Every structure is written in structure tokens, then in C-alpha cells.
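Below: the structure, in C-alpha cells.
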Amino acid sequence: MTFNHRLVFNEVKDYFFITLGLVMYAVAFTVFLMPYQIVAGGVTGLSAIIYYATGFHLENTYIIINGMLLLVALKVLGLKFMVKTIYAIFTLYFLLIIVQDLMPKQDNGMPIKLLGEGQDFMSMIIGCVITGIALATVFFHNGSTGGTDIIAASVNKYHNVSLGSVLITADFLIIGSCMFFPQFGDYIERAHKVMFGFCVMTLENFVLDYVMNARRQSVQFMIFTKKWQEIANAIGTKMNHGVTILDGHGWYTGQDIKVLCILAKKNESVNMFRLIKMIDPQAFVSQSAVIGVYGEGFDEMRVKVKETT
């Protein structure tokens, strides 16, 4: 497969998974959150709050606010990111319309309560888990659902701040705005919606961070073996990983030994163990989780370096 074909394949894969994530988000939001008038964060959540309070269609508010925020995406995130963001915004806009049209309606025009009356909390849990996974799927493939995601992605690009942390701050302000809408009832009822919204915010962003960190989690292997050269060659050629060779000395045996040190993604562990066992079943291997790995092939160090005068 040539470089150009690989590039096209990666782009097609990105758009496929972005679309998949958007479908999951639209279904989860419309089926599990909207029928119970559950308040959420993000521009979609803000649009829902306005819809619950005024009846102005959710998707219209969503597209208006995102149209303004796209200017930020163009300047900060670049044209490539903006193209996928525009695609995601308009795709989600139409998906929200389609899913709402497909759902049977209650007397008040809202989608039916799929889990039945009084199942607000369970519906919130199911909806938030799905929307959290959906957002992570979109972010993993260089996309954004627009709105506060643009702000989160902009901050994450230049600073080592998790996406979930930025989204929590924005969501806190959006959810708190429910207190200023008398249409939600008295202060007790508004406070109830706000507290429910904070549960939504916490669970959704926890799932988002969990999925993102699970994909990025790295491990360190320390391999003690007499066949160190064969294993090092195999790891370098078959797994395309760098290997650091350390000099060791056994206290009990008094013998010198070579120790291989490898940093890899956690999902590569099985292949790593399989390769080691094929070459030296007697090898002694230590695997440990690391908090972060930065450099070529891993995460970028997003810190600012002070200029020296």
C-alpha cells in the first residue's frame, strides 16, 4: 500500500468513526436524555435547555451557536480540523432531526420515555455512558462535535490538560444557567434539574476521560533473558519498537546479564509476551504501568518552554 493510499485510507477511517460516534451521540441524547428533560452540558445541552424553556428547536440553536464557534476552529485548530468539525456539526444537526422524527412522540411533543415513567436516573446513566463513548470516538479520529468541544480541543492542543477537565468547566456554567429559567418551575425544581445536570456532566466526562486514557495507556517491559539479542531484534523488526539495553548484574548468581527495557502501548502487551515466549520461554519479564510516555510514537509534551534571554 503506497503512502497516498494509506493517507486516503486513514481519512476514510476517520470519517467513518466520526460518523459512528455522531450516530451514537444523537441516538443517546434523543432517546435517553430528551424525553426526561435531562439537562446536559455542551452546546447540545445548552440548545436543549433553550428548547425545554422556550420550545425553540434544539437543532436550530445548535447550528447557530456552532456557526459562530467555527471561526475559532479556523484560527486555532487549522483548516484540516475545521473541515472535520464542519462535517461533524452538520452531520449531527441532520442526525438530531432524523432521530427525533423517527422516535414516537408524547402528548407534549417530546420523544417517548423508553424506560417508562420515573426512570430518569437510569435513563441518565445509560445516555451518559453512550454519549461519553461517542465523544471519545469522535475525538480519537481528529473530529469534534463542535461547541465546547472546540474550546476543549483548542486548550488540549497547547496545554497538557485533559479534555474532560475543560468540558467540565464549560458544562458547569451551562448547566447552572437553568437557575435563570423560570419555565423550569420554582427554585426547588430548578435546583433539582441543576443537580441532575451535574450528575450528567460528571458521568459523561468520566467516561470520556476513561476511554481516552485507556487508549493512551502505556506500559514498561523489563526483560531479563540470555537471548536478549534475538528478542531485541524481533521487537525492533516485527513490532517496530525501540529497545534500550541495560547492563545488569545478578546478586545471587554473580553473573552479568543484559536487560531489555521497552515502552509500549498497553494493547500491545499480548503480542509482546507472545513474541518473548516464542524466543525464550524461560525469560523473566516485568510489566508495569506508567503514568505517561512522551516523545516519538507516543504523546507530545504540551508544555511551554520559557525563552532564554
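Length gained on full extension, Phe90 to Leu246: 50.8 nm, using 0.36 nm per residue less the C-alpha separation.
Rolling a 1.4 Å probe over the protein chains gives Glu11 an accessible area of about 50 Å². A 1.4 Å probe run over region 189-256, with the rest of the protein chains in place, finds 63 Å² accessible per residue.
Residue pairs exceeding 30 angstrom between C-alpha atoms, taken from Lys13/Lys265; Lys75/Lys105; Lys84/Lys193; Lys13/Lys75: Lys75/Lys105; Lys84/Lys193.
Full extension of the chain segment joining Ser165 with Met195 gains 9.0 nm, where the gain is 0.36 nm per residue of separation less the Cα-Cα distance. Here the sum of -39500 (n - 2.57) over DSSP H runs of 4 or more residues, divided by the residues of the chain, equals -20000 deg cm²/dmol at 222 nm, to the nearest 500. Annotation: His192 carries an accessible surface of approximately 110 Å², with a 1.4 Å probe and no ligand, DNA or RNA atoms counted.
Taking the chain as a Gaussian network, where each spring joins two C-alpha atoms under 10 Å apart, which residue of Thr54, Thr169, Thr91 fluctuates the most? Looking only at Thr54, Thr169, Thr91, the biggest GNM fluctuation is shown by Thr54. Ordering Arg216, Arg274 by accessible surface, largest first, gives Arg274, Arg216; the 1.4 Å probe counts only protein heavy atoms, with every chain in place.
Between 0 and 90 degrees, the angle of helix 78-102 with respect to the longest Cα principal axis of the chain falls at about 50 degrees. In a fully extended conformation the segment linking Phe180 and Met68 would gain 38.0 nm over its present Cα-Cα distance, using 0.36 nm per residue. Cβ-Cβ distance of Gln282 and Ala53, R₀ of 51 Å, FRET efficiency by 1/(1 + (r/R0)^6): the value works out to about 0.15. For the options Gly147, Gly197, Gly254, a Gaussian network treatment of the chain with springs between C-alpha atoms closer than 10 Å singles out Gly254 as fluctuating the most.
Computing the accessible area with a 1.4 Å probe over protein heavy atoms, can you report the carbon and sulfur percentage for the chain? Ligands and nucleic acids excluded, carbon and sulfur reach 63 percent.
The values are calculated or read from the model by the stated rules, or taken from the named source; none is laboratory data. Since the structure is predicted, the reported quantities are computational estimates derived from the model, not experimental observations. Neighbour counts run over all protein chains shown; Cβ positions are idealised from the backbone, glycine included. Surface areas here come from the heavy atoms of the whole protein model, side chains and all, with no ligands, DNA or RNA. Shrake-Rupley method; radii C 1.70, N 1.55, O 1.52, S 1.80 Å.
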